[in-house]
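Reviewing the structure listed below.
The values are calculated or read from the model by the stated rules, or taken from the named source; none is laboratory data. Every value quoted in this text rests on a predicted model; they were computed, and no experiment measured them. Cβ sites come from the backbone with ideal geometry, for glycine too, and all protein chains shown count toward neighbours.
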Amino acid sequence: MRENNGYKFNIPSYVDLIMSRLDSCGESAYIVGGSLRDMLMGREPHDFDLAVSAEPARVCEIFSDMRVIKTGIAHGTVTVISEGHPVEITTFRVDGDYLDMRRPESVSFTRRIEDDLARRDFTVNAMAYNGRDGLIDLFSGLSDLNSGIIRTVGDPRERFSEDALRMMRALRFSAQLGFEIERGTFEAISLLSESLDRIARERIFSELLRLICSPSPVRALELFNESGVAERVLSCRVEDFAIALVPLVESDDISRLSALLCSFDGERARDILTSLKASGRQRAVVCAVIDASKRSYLGREDVARLRGSLGADAKIALRLSVLLGRSEESILAFADDNTPCSIKELAIGGEDIIALGYGGRAIGAALAFLLDAVIRDPSLNTRERLLSLLRTREDIWKDLT
Ligand code: ATP
Ligand code: MG
C-alpha cells in the first residue's frame, strides 16, 4: 500500500518539529489536503494541515509544553502553535452517515490513514506525505494534479449525495487551480445540483466568493451555468458578458461581486446577495457600485461627485463603467484625484454657517451649494473664499431658514 516514491519536500522547521515529535511518540503524522497539493504544484502552502493517528486528547498530551488550541475536538482537530505558526492537527477519521446531503451526523476516529484519505472530496486533495512513507497516493491524485483535473474520490454521485457542498467546492477548486472538472464528476453535479438547496446559504456563498475571487474564474463560471448550479444558487444564469468581466476587475470581493452581477440593476443584485446571506457592506456597496457603473463619466467633476457618494469604492464603479463601454478609459486617470468631494472636506463647516445666522434647512442647502462650487473649482476651498461666496447668495437662503 505504501509507496515511498522518493518524494522529498523542504518542510519548514515549525512543521517538521511537530511531525518528528509525533513520530517519536509512536504516532504517524502526514501532511494532507491543500498544503500537500500546493507543495506538489511547487507553490508555497499558506498553512499546514496534518493528519495524525493519535486522538485529540493524546495530541494535547504530547504537546502539553506548547500552546494548544482546541479548535474542534469533536471532529478531531487541535491547533498547535509551533514557533509562532498555527498547525492544524486532525485525527484520522471516517465520516458517519450523512443525513440530508449535509455534514455527517457523526465522525469516528481510525488508526488507518487509508480510511482517512478515502473520505476526502477530490483525488488532488486525498494524498498524504511524510518523510518515512513518502507520498501516499491511493486515488491517482498526482496524475490528476499533473493533468489539471478535479475528480471525486470514488463515485461522484455517491460523494455529492453525501455532501452537496462538494459540488461548489469542485467549481471553486477548478477556478483556484485552473483545472477542468472530470466528465463523470461534472455530470453528477449537473444531475444533483438541486440538492444544493439543502446546504446553508452562507457556506455556498463562501465557496462562490472564493471561486470568483480566484485567478481563473471564467471556465468555472461557465460550468457553474452549464451544470445548473447557477440556477440553484442565484436563481438565474450569469450572463456571458458578466463572466468575461469578472477576471478583468480587481480580485477583492466587492469588485468581483459587482462584475458578476452587473447585468442586473442594483436592487436585484442586492436581493440576490441578501438571499446568499452576504454581509451588510457587501449588499449595500455592490448595489451602489452596480447602479453607478451604468452611468457615463465625462470628466474630473463627474468623478469627484462619484467619489463623494461612494468613497474609495468609486474606483470600482468607474472601472466597471469603462468595461461596460459607458465611459472612456481615460476617465480612470481621475479615480485617484484627491480634490475635495464631500462636505466634510470643505474648508468651513456647519458651525461656521450657523455663526453667520443660518438655521434649519438652509445649513444643508448652503453646504451642498459650496460643495458643488468646490467640485467645479477646487481653488475655492479656502475659508475666506467660501465665506465670501456664501455672502453673495444670502438672499437665496433666507427663505429656507
Ligand atoms: P485551501 O487551500 O482552500 O485551504 P484545502 O484543500 O486545504 O484548500 P480545506 O477546505 O481547507 O481545503 O479542506 C482541507 C481538506 O479537507 C481538503 O483538501 C479535503 O481533503 C478535505 N475536505 C474538506 N472539505 C471536505 C468535504 N466537504 N468533503 C470531503 N473532504 C473535505
Ligand atoms: Mg486548507
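The sole residue among 364, 359, 325, 349 that is on the phi > 0 side of the Ramachandran plot and either under 29 Å from the mean Cα position of the chain (by Cα) or loosely packed, with under 15 Cβ neighbours inside 10 Å (or both) is 325. Would you say residue 87 is buried (at least 17 other Cβ atoms within 10 Å of the Cβ), in contact (Cβ under 8 Å) with a residue 12 or more places away in the chain and hydrophobic (A, V, I, L, M, F, W, C)? Taking the combined requirement at face value, the residue satisfies it.
Please state which one of 80, 52 is within 16 Å of ligand 1 (Cβ to nearest atom), at pLDDT 95 or above and β-branched (Val, Ile, Thr). Sole residue among the options that is within 16 Å of ligand 1 (Cβ to nearest atom), at pLDDT 95 or above and β-branched (Val, Ile, Thr): 52. Those strands (runs of 3 or more DSSP E) of segment 46-101 in which 2 or more residues are within 16 Å of ligand 2 (Cβ to nearest atom) occupy 48-52, 67-72, 77-82, 85-91.
Here is the figure for segment 5-57: residues that are farther than 22 Å from residue 73 by Cβ and aromatic (Phe, Trp, Tyr) total 3. The set of residues from segment 172-189 being closer than 25 Å to residue 215 by Cβ, in a helix (DSSP H, G or I) and away from ligand 1 (no atom under 13 Å from the Cβ) comprises 183, 185, 186, 189. If the condition is being farther than 22 Å from residue 151 by Cβ and β-branched (Val, Ile, Thr), then segment 188-232 contributes only 212. When segment 21-46 is filtered for residues that are surrounded by 15 or more Cβ atoms within 10 Å (Cβ to Cβ) and hydroxyl-bearing (Ser, Thr, Tyr), the ones remaining, listed by number, are 28, 30, 35.
Quick one: would you say residue 159 is assigned to a helix (DSSP H, G or I) and either in contact (Cβ under 8 Å) with a residue 40 or more places away in the chain or under 24 Å from residue 229 (Cα atoms) (or both)? Explain how you work it out, then say what you get.
Values: assigned to a helix (DSSP H, G or I): yes; either in contact (Cβ under 8 Å) with a residue 40 or more places away in the chain or under 24 Å from residue 229 (Cα atoms) (or both): yes.
When the stated conditions are applied, residue 159 passes them.
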